[in-house]
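The values are calculated or read from the model by the stated rules, or taken from the named source; none is laboratory data. In this text the structure is predicted, and so the values were computed from the model without any measurement. When we count neighbours, we look across all protein chains shown, and the Cβ atoms used for this are built from the backbone with ideal geometry, even at glycine. Side chains are part of the model used for accessible areas, which takes the heavy atoms of the whole protein and leaves out ligands, DNA and RNA. Shrake-Rupley method; radii C 1.70, N 1.55, O 1.52, S 1.80 Å.
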Amino acid sequence: MSDVNRSLHTLWTIFKHEFSLYWISPIAYLVGAAWLFLSGFFFSRSIGAFNQGGFGFGGLEPSMSYTLSPMAFLLMFLAPALTMRLVSDEIRSGTHELLLTAPVRDWEVIVGKWLAVWGVFSVFILITLLYPLVLVWRGSPNGAQIFTGYFGYWLWAGTILAIGVLASAVTQYQLIAFMIGEGVALFLFLADTAGSLVNNTLISTVLTQLTVTQHYQNSMLDRGLVSAVDLAYFIGLSAIALFLATQTLNMRRWRA
Amino acid sequence: MIKDKDVRINRDLLRWILLGVGVVALLVALIAAIVIGVDPNKTVLYIALAVGALGIVGFVLIDPESISKALTGRTGQQATISLLMTIFTLTAIVVLFSLVYKLDQDGTISPWDVGKSGQYQLHQQTIDILNSLEEPVHITGFYSSGTSDDAELLLKQYRGNSNGKLTFDIVDPDKDPGEAARLGATRSGMLVFEQGDRTAQATFADESALTGALVKVVLGEPQKAYLLTGHGERSVDDFANQGFSQAQSQLDRANYSLEPLNLIESGSIPADAATVIIAGPTAQLSQPEIDALTAYLDGGGSVLVLSDPGAGGGSLGNGVLGAAYSSDGRLLATAGADGTAKIWDAQTGQERMSLRGHTSDVIDVAFSPNEQKLVTAGRDGTVRVWDLTNGQEITELQGQTGLVQRVEWSPDGSTIASAGQDQVVNVWDAETFEPMSYSPLTTASPLLAVAYSPDGSLIAAGGGRTQGAVDGSVYVWNVADGSEVANRTLHTNPVFAIAFTPDGSELKSAAIDGTLGTLDVATGDGNTETLYPDVGITGLGFLQDGTQVLALGDGSVHIRPAGSTSTTDDTVLTGHTDLIWKLVVRPGDEEFTTVSRDGDARVWNIADGDTRLRLQAHNTGDPLLTYLDTAWGIKVGDDLVVDQATAQLFDAVTPVIFTYSATSPITKPLNDAQERTFFILARSVQAQATPPDGITDTALMFTSSGAAGTSWAETTDPFGTNQVSFDEQDIPGPVSIAVSGENAATQGRVVVIGDADFASNQALQSTTYANGQLLINTLNWLTQNENGIDIPPADLGTATWDRPLSAAPMAILQIGATCLLPLIFLVIGAVVWFIRRRRR
């Protein structure tokens, strides 16, 4: 029990430290401004379309899909920028040892940092909750769908940030960490396209299930559903990334 | 030494690759086993297992020494533990995910439907039905690639609750047209249920439709849908364009069988009826038949009414359409849209006799000069002669085809003449009832008027409107030999009435543009004067002194003194509220009778201009439509639907519908899939604003919306002569052409559609239009109570954009969202950065 308490305490300390570090570094503001500009662009564009009755045959239903859908894709450029120096710095300096009296375990460092960067991104997402208010003000959108759309987006952000953390643990070069993060994210977007080229049910099923569109767009964003398999996808991917990051950090330790 | 190291490195690399490949292969095998099950036919599984085993064995065998070192040495132990942990954790996560995936695929874990739309969660009723399945059911969903997601989500739930009895697969009809043809799937989005050799269809993947089809296929025996007969309804034996043979074969696949039902003979609806269809009756149902339908509906039955415009109380009018006096003026006969001709005491207005036999509207009547016989002309294309001493039909005169507009008995009693849609005047010998040798007399257009000269030697007819062109001619022939006496074009618009002057020297013709033509019978000369250009002349009669009595399109009657040259001398009589179909002067010149589309026959006193009698002769209305109106709050319009917006697809009176109710289970699938349906000559069907207690009415389909005059229901002149155009009497679009009604207390259901042709062979042949789907959806909904299931359609609560932003707030929003917010963020960042810099 005390062990769990100690871990929680350590995580909290790392989270606080890293979280506040972000807000005094320019990168968070740059990424945040980019995020706000892009989502603002897509949102106001969608409002323009709603005003005109939409492009489609039966009109356009007001929803956040037209904003969150492109932003889910663009996240792969924004998230790695936040995470690219997260662990490589740590490897270089080992600062946490100084912060805490008790020795820190590798997984605590990784998870703490991940939670911090996820927290930072959550702030960005929270600001855009202004947009659904516009929808409610001028129309009657599907509230459940907005909720699941945002919830899923938040989970996807956590996942892609975890992958970024892993990328940053693998290499101490920030640019390479950025590219790795982006590459994995891109794979997660395009896997089902690869799957549709393969004439084998098993492989194409696996590739489809690896695709984020399957678990986010087709389920949470467009249908207002939260299903166990979607949660398992995000949690599973995050867990794998964080575990591998921990192992990598660990390996560097005893190799050194 | 160097060489040895190289070999070692290569060997190291090799064994790690082997291990990697082995582990991946084992993972694949594991996932495969979970996802596709341990299936001995799947070679993939064996290959993967073999590769996995070889990889691991290879890893050990290549360098057994290092294995033992790894297990004993300190660094080696660390690495091994780390490696094993990694393998273990990754495997555990992948296996867990695969398990969750499998449970999801089986439908064991349902997704959490946050909006509670009910779209992806099954009702207990469906789960009970799935649990009680005894024989396996297979569902084949036909979807083009990438469109089956919604269907699969739901079908998984069905499979998961069926204890393995239900299976499904998704087939792309483009890739496997053979299977689509075998199961009769004509379009993407259709689902076919099979149990044994029975099939049922769902046209849409929502719970209501799927469970409905499931019950149908499990029930086994096809359900009986009775098709009413005896009133000119469409028939399943009719393979022509207007027939319903195609409907039968389509419904057969959906597990319905169409059976004919003669309600007069059976007296009540058979107990095994799943529903009753009344498809385009051209004559009215009798009250006992309505009573039988009422009893059936009150017992929870269901009825589908397909009502064509102009049938029963429609088109030519609500009520009375024609009239004639006997030559002694004692009797008055009227012709009615209720399919009867009636004989009245002309003095008292008492009904003497009602003659029934026509299968549709009776349009005109004429007495024989001795008052013993009556001839009637009908919309059913027949001319019939009746014995007035006993009220029996004597014969049906042969030769006439198509709607008969006018019939006359010659003043000398020797011949009978009729004219109508078939563009000819038929003349019969009134003794033998055989056509005269020269008959028929042909003209260039459908005819609206025919008249004998006072001495019976001449016969005249006036031309109407043929498709596109107008024939404003007046024709005169010799009755004796059929030779043409005159043929002169006096009008540029259809001639609605003609009459000889009492002395027989002139023929007057009245046209609907308000012109009155005069033809000198002896010389063949003619002239035309324009009298009432705004309203048109629809009826024409003479008193013996030459006074003209003119009925006008606005329902007024003008009495013109003989020799008058302007309209200022007219005596104007008003009373009717709609145009007058026919005007007849009572012998004796004291009275005349008018029949109007307002439903009244009025007897007028010429001396004081008052209405002496008002006979609402045939104005009971169609009993079926009256019943639908009073008991169900469904109003079937006496009109014709015109849609200019979709006119380019067929024509303006063949509206193409793409606006549907998004809530009704009948039309929701059509709405969601943006399907189109088309209707050939349709009438409006509207739900009353306040339906009777306990009734829920839903308007199902609408014509195009848009500017006034884009679509409307033409009430002023559905089949007549005026140019069709939108005016204020018409019902403005979008016009509802179908309504469903449900009685909460009795569970009775009706659907009324303002057209029978939409389900005819002609319409169902089209694969572009979803008319067949509409028919099946309608029957599925109607019979749902019969099957004991009532699953509400999923309600997604359509999101709407009610108050669009105007330019100014839109600009503020654009600037705020794309510039202001990011800028604020950047400024804060800059300030923070600056402060930190200064502190350092």
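Some values worked out for this structure:
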item: Mean residue ellipticity (222 nm) of chain B, computed from DSSP H runs ≥ 4 via -39,500 (n - 2.57), nearest 500; result: -8500 deg cm²/dmol
item: Label-point separation in nm, B:A295 to B:S268, each point 7 Å along Cα→Cβ; result: 0.5
item: Degrees, to the nearest 10: B:2-36 long Cα axis against longest axis of chain B; result: 40
item: Extension reserve of the B:E65-B:L103 stretch, reckoned as 0.36 nm per residue once the Cα distance is removed; result: 9.3 nm
item: Simple Cβ-charge dipole of chain B, Lys/Arg +1 and Asp/Glu -1, about Cα centre, in debye nearest 20; result: 6280
item: Residue-span extension gain [A:I203 to A:L133] - 0.36 nm each, minus C-alpha spacing; result: 21.0 nm
item: Violating pairs (Cα-Cα greater than 18 angstrom) within the set B:K342/B:K373; B:K582/B:K635; B:K216/B:K668; result: B:K582/B:K635; B:K216/B:K668
item: Within 10 Å of each Cβ in B:80-88, the average number of Cβ atoms from other chains; result: 2
item: Distant-in-sequence amide H partners of B:D513 (H built 1.01 Å from N, under 5 Å); result: B:I537
item: Environment charge at B:Y769 (Cβ cut-off 14 Å; Lys +1, Arg +1, Asp -1, Glu -1); result: -1
item: Net dipole in debye of segment B:134-219 [+1 Lys, Arg Cβ; -1 Asp, Glu Cβ; about Cα centre; nearest 20]; result: 160
item: Computed magnitude of the charge dipole of the protein assembly as shown (debye, nearest 20; Cβ of K, R +1, Cβ of D, E -1); result: 9260
item: Of every Cα-Cα pair in segment B:357-449, the percent that sits beyond 23 Å; result: 14
item: Calculated FRET efficiency for the pair B:D149/B:D589, C-beta based, R₀ 56 Å, to 0.05; result: 0.10
item: Cα-based helix-to-principal-axis angle, B:207-219 vs chain B, degrees rounded to 10; result: 80
item: Whole-Hz ³J(HN,Hα) from phi, Karplus 6.51 cos²θ - 1.76 cosθ + 1.60, for segment B:597-609, glycine and proline x; result: 5, 6, x, 9, 10, 10, 9, 10, 8, 5, 4, 10, x
item: Counted charge near B:T108, where neighbours are those whose Cβ lies closer than 11 Å (Asp, Glu -1; Lys, Arg +1); result: +1
item: Prolate/oblate/rounded label for chain B (Cα gyration tensor, a/c 1.5); result: prolate
item: Rough spin-label spacing in nm, given labels placed 7 Å along Cα→Cβ, for B:V831 and B:V57; result: 7.1
item: Amide H within-cut-off set for B:D308, under 5 Å, with H built and near neighbours excluded; result: B:G280, B:A756
item: Inter-chain shielding of B:142-149 (mean C-beta neighbours from other protein chains, 10 Å cut-off); result: 1
item: Using a Förster distance of 41 Å, the FRET efficiency for B:E396-B:D128 (Cβ separation, nearest 0.05); result: 0.10
item: Gained length - B:D569 relative to B:I47, 0.36 nm times residue gap less alpha-carbon distance; result: 177.1 nm
item: Mean Cβ count within 10 Å, highest first, over the residues of peptides A:204-216, B:392-404, B:361-373; result: B:361-373, A:204-216, B:392-404
item: Shielding by partners, peptide B:824-833 (average Cβ within 10 angstrom, other chains); result: 5
item: Relative contact order (percent, whole number), segment A:2-255, Cα cutoff 8 Å, 6+ residue spacing; result: 25
item: Cα long-axis angle, helix B:821-839 against chain B (0 to 90 degrees, to the nearest 10); result: 30
item: Stokes-Einstein D in µm²/s, Kirkwood radius over Cα pairs - segment B:590-696 at 25 °C with 0.890 mPa s viscosity; result: 139
item: Among B:S566, B:S457, B:G772 - extreme Cα towards positive end, dipole of chain B, charges at beta-carbon; result: B:G772
item: Amide N of segment B:412-448 lying under 11 Å from the label point, which is placed 7 angstrom from the Cα of B:N478 along Cα→Cβ; result: none
item: Cα-based shape type of segment B:393-488, given that a ≥ b ≥ c are square roots of the gyration tensor eigenvalues and the cut on a/c is 1.5; result: oblate
item: Coarse-grained scattering of segment B:134-219 at q = 0.24 Å⁻¹, given as base-10 log I(q)/I(0) from a Debye sum over alpha-carbon atoms; result: -1.24
item: Total accessible surface hidden between B and A, rounded to 100 Å², 1.4 Å probe; result: 5100
item: Heavy atoms of B:E408: accessible area, 1.4 Å probe, square angstrom to 10; result: 50
item: Kirkwood hydrodynamic radius over Cα pairs of the protein assembly as shown, then Stokes diffusion coefficient at 4 °C and 1.567 mPa s, in µm²/s; result: 36
item: Label zone at B:D174 (point 7 Å along Cα-to-Cβ), backbone N below 17 Å, segment B:135-151; result: B:142-149
item: Computed FRET value (nearest 0.05) for B:A522 with B:R614, which takes r as the C-beta separation and R₀ as 45 Å; result: 0.60
item: Label-point separation, B:M810 to B:S437 (7 Å along Cα→Cβ), nm; result: 8.1
